[in-house]
Amino acid sequence: MYQALLREQLETLKSSNQYRTFTTLSRICGQYPLAKLTGTNQRPVVVWCSNDYLGMSQHPIVREEMHDALETYGAGSGGSRNIGGSHEIYARLEESLADWHGKEAALVFPTGFGSNDATIQCLLRQIPDCVVVSDELNHASIVSGIRSTPNERKIFRHNDVAHLEQILAGYPLGQPKLVVFESIYSMDGDIAPIAAIVEIAKRYNALTYLDEVHAVGMYGPRGAGIAAERVLADRVDIIQGTMAKGIGVIGGYIASTQVIVDAVRSFATGFIFTTSLPPAITAGCLASVNHLKVSSLERDLLRTNTAKLRERLKHHDVPVMPCSQTHVLPVLVGDAQRCKAAAERLLHIHGVYLQPINYPSVPIGTERFRVNATPNHSDEQIVHLAASLRETFEHFSIPLASQAFGTEVA
């Protein structure tokens with residue numbers, strides 16, 4: 001009975017083109033963004049959708065620090081920090097992250113998903129009668145944390161500050177409220193109106209929780225994110241980030257006041273009862289963060305290559321969705337089946353790896369490729385990608401920008 005039930009659900013997923021498959025790629029150390037496609041002897045493919053936005057996973061400083069820590073401490077951490085002990089590298093990393101965001105303290109988790117899920121659950125359980133108000137496009141990890149509690153929840157329309165104010169105005173000033181939003185939304189590449197959201201939240205006595213996972217490393221004078229770039233970090237109560245994207249390794253964290261961080265450390269079951277990051281991973285994260293604080297080279301190259309890619313896509317009339325304001329370039333396909341077929345053609349004919357993004361990650365009818373250049377992509381690779389997308393769109397009769405938007409957009 002159970003097998004049949006699950007098999008039926010899987011078949012429904014497949015018939016709607018929502019079934020996810022893995023493409024087995026082996027990244028080549030020192031040659032990012034190249035990767036070998038398993039099972040073939042063909043030339044390496046070029047990866048165009050990795051969250052390793054700055055190529056820091058390949059950086060010699062990061063790799064060297066990880067090797068040294070592995071030889072010094074061994075492979076694993078030995079358990080949670082309460083049981084296995086807390087290596088001195090954890091304290092150094094948290095101090096560095098707190099300094100990065102201008103906060104009193106920080107707390108590191110094994111993943112970015114876990115830091116959102118555990119922190120939001122903890123705050124909602126520990127603050128009596130707290131109403132949570134969440135942007136409708138917030139990440140699944142935020143949604144998971146919210147849904148895991150019985151707290152009253154409200155959803156405001158994406159980046160709609162008037163709707164947010166309307167919701168907050170419906171509650172007594174003294175009732176606890178938590179406003180949760182992101183700085184950069186990874187499927188659209190747009191930026192939240194952080195200043196307006198924070199101003200409204202403060203007016204109605206609400207805590208603000210900002211997810212900066214797609215911004216840390218890439219924006220701000222030291223790479224601390226969009227809030228830092230707009231000189232707003234000190235007005236945001238809790239900043240959450242990841243070390244799996246711009247930082248190039250893995251792990252999540254929050255940065256806030258000493259009291260809030262200590263409360264999460266003391267009450268969040270998702271922190272207390274999980275094994276901590278291995279020391280070698282933690283050392284790699286610390287090396288990457290410290291490098292990005294003082295080096296603007298990677299950020300400058302990211303901006304340069306993003307601008308070049310936008311221009312080449314525009315030249316080929318490839319439909320970059322106009323919502324994009326950042327390094328994330330969503331290329332509209334608009335059909336799940338053709339999106340999957342186009343990804344296959346790009347991979348096997350053109351040597352380009354792009355993952356199809358279908359529902360429920362994005363609304364039906366807005367299926368897309370989520371494209372991003374990195375500092376490591378060459379001019380030749382940028383030119384090749386744009387031409388490959390144009391050929392593939394023509395092959396499957398996917399609307400170009402001039403058809404999809406009525407004008408060329410990039």
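Got a number for residues in the stretch 71-117 being farther than 13 Å from SER256 by Cβ and open to solvent by 40 Å² or more (accessible area, probe 1.4 Å)? Result for the stretch 71-117: 18. When the stretch 117-137 is limited to residues that are touching a strand residue (DSSP E or B) at 6+ places or on another chain (Cβ under 6 Å) and not hydrophobic (A, V, I, L, M, F, W, C), the one that is nearest to LEU178 (Cα to Cα) turns out to be SER134.
If you scan the stretch 24-50, which residues turn out to be within 20 Å of the chain's Cα centre (by Cα) and either among the aromatic types (Phe, Trp, Tyr) or surrounded by 19 or more Cβ atoms within 10 Å (Cβ to Cβ) (or both)? The answer is TYR32, PRO33, VAL47, TRP48, SER50. I'd like to check which helices (runs of 4 or more DSSP H) are fully inside the stretch 307-410 and have at least 1 residues that are of a type in the set (A, V, I, L, M, F, W, C) and either closer than 24 Å to SER15 by Cβ or under 19 Å from the mean Cα position of the chain (by Cα) (or both). Passing ranges, in order: 336-350. Looking only at the stretch 249-276, count every residue that is open to solvent by 10 Å² or more (accessible area, probe 1.4 Å) and assigned to a loop (DSSP other than H, G, I, E, B) and tell me the total. Matching residues across the stretch 249-276 total 7. Every condition in (1) out of contact with any Lys or Arg (no Cβ under 7 Å at 6 or more places or on another chain); (2) buried (at least 22 other Cβ atoms within 10 Å of the Cβ); (3) over 27 Å from ASN205 (Cα atoms) holds for TYR53 except the one numbered (1). Annotation: of all residues in the stretch 16-31 being within 20 Å of GLN355 (Cβ to Cβ) and of a type in the set (Gly, Ala, Ser), the one that is modelled with the lowest pLDDT is SER16. Within the stretch 335-356, residues that are of a type in the set (Gly, Ala, Ser) have Cβ atoms under 7 Å from residues that are open to solvent by 50 Å² or more (accessible area, probe 1.4 Å) in these pairs: ALA336/TYR359; ALA341/PHE396; ALA342/PHE396; ALA343/GLN355; GLY351/ARG43, counting only partners at least 6 apart in sequence or on another chain. Scanning the stretch 347-385 for residues that are under 16 Å from ASN51 (Cβ atoms) and among the polar types (S, T, N, Q), we see that the one that is surrounded by the most Cβ atoms within 10 Å (Cβ to Cβ) is ASN372. Taking every residue in the stretch 22-46 that is closer than 23 Å to ALA373 by Cβ and pairing it with any residue that is acidic (Asp, Glu), at least 6 positions away or on another chain, the pairs with Cβ-Cβ distances below 9 Å are ARG27/ASP52; TYR32/ASP52; PRO33/ASP52. Residues in the stretch 164-176 include at least one that is within 21 Å of ARG230 (Cβ to Cβ) and under 25 Å from the mean Cα position of the chain (by Cα). Return a yes/no flag: does the stretch 320-333 have any residue that is at pLDDT below 95 and surrounded by 23 or more Cβ atoms within 10 Å (Cβ to Cβ). Within the stretch 320-333, none of the residues are at pLDDT below 95 and surrounded by 23 or more Cβ atoms within 10 Å (Cβ to Cβ).
The values are calculated or read from the model by the stated rules, or taken from the named source; none is laboratory data. Predicted model only: the values in this text are computed from it and were never measured. Positions of Cβ are generated from backbone atoms using ideal geometry, with glycine treated the same way; all protein chains shown enter the neighbour counts. With ligands, DNA and RNA removed, areas are computed over all heavy atoms of the protein, side chains included. Shrake-Rupley method; radii C 1.70, N 1.55, O 1.52, S 1.80 Å.
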